[in-house]
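Heads up, the thing below is written out as structure tokens.
Read-outs throughout are calculated quantities, based only on the coordinates presented, and are distinct from any laboratory measurement. On a predicted model such as this, the values are computed, not experimentally measured, just so you know. Glycine gets a Cβ as well: all are built from the backbone with ideal geometry, and neighbour counts include every protein chain shown.
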Amino acid sequence: MILHRFKLLFAATLLFVSAAAGAHRFHMGITEVAYNARTNSTEIVHTYMAHDVEALLMNLYGRQFDLGDPEDQAVLRKYVEGRFWLMGQDKARLPVRWVGMTADSQSVVIYQELENAPLSKTAAIHQGVLIDFLPDQVNTVNLNEAGAVRSLTFTQAALEQPTQGNRP
């Protein structure tokens, strides 16, 4: 009887541990890019899973980060700006401006903008945030042009994609 209970308890524990380990099997980020006619700027909003960003920063710097602290935000900003950019027709990086960020226990949301420029000025996008750290990371960029939304998918094999050639 005791052996049966022990086996049952052991099986339940294994089930719980395997469910917890498998709870986060995928790594993804979503970026929304849309032109705002009111401000005459292209707005960019990235959303990543908080624990992926925390693991990245711990791996890179060996310490916990408080993303409410401006100095720690600056570290993440430098990382993101080195892995996400928009390119113009001449293949040069467009001047994307960091607006700010918010973070909670579930997600990290980063705000950027391309001032005084419509989305049509963008010829290509490079989106490698977290992909260098998590090889199975998939980043989706949703391009919203006058209500027509198209999606681009970025992986380790495809870090850069044209925006113009992917029109429906």
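Once the other residues with Cβ under 14 Å from the Cβ of L114 are scored (Lys, Arg +1; Asp, Glu -1), what is the net sum?
-3
Need the full-extension length gain, T153 to R63, defined as separation in residues times 0.36 nm minus the C-alpha distance. One decimal, nm.
29.3 nm
Points 7 angstrom from Cα along the Cβ direction at T102 and K121: gap in nanometres?
If labels sit at T102 and K121, their model points lie 2.7 nm apart.
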